[in-house]
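The values are calculated or read from the model by the stated rules, or taken from the named source; none is laboratory data. On a predicted model such as this, the values are computed, not experimentally measured, just so you know. When we count neighbours, we look across all protein chains shown, and the Cβ atoms used for this are built from the backbone with ideal geometry, even at glycine. Areas reflect the complete protein model, heavy atoms only, side chains present, ligands, DNA and RNA absent. Shrake-Rupley method; radii C 1.70, N 1.55, O 1.52, S 1.80 Å.
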Amino acid sequence: MSDKLFSKIIAIILVLGIISTVALAGYTVYLRENASITSYISNESK
C-alpha cells in the first residue's frame, strides 16, 4: 500500500469519526432537552 493511499484512508476514518462524535453529542443534547422524564429523574436527587 502506498503512503498516499494510506494517508487518504486515515483521513477518511478520522473525518468519519469526528462527524459521528459530533452527531452523537448533538443527539445527546437533543434527548436531554426533550426527554422530560429523564430530566426529572436526574434532577430529583439534587
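What the table below lists for this structure:
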| read-out | value |
| --- | --- |
| Residue in region 9-20 that is more than 19 Å from the chain's Cα centre (by Cα) and open to solvent by 100 Å² or more (accessible area, probe 1.4 Å) present | no |
| Residue check, K8 outside any helix (DSSP H, G or I) and either at pLDDT 85 or above or out of contact with any Leu (no Cβ under 8 Å at 6 or more places or on another chain) (or both) | no |
| Residue match in region 16-38 (condition: assigned to a loop (DSSP other than H, G, I, E, B) and modelled with pLDDT under 90) | yes |
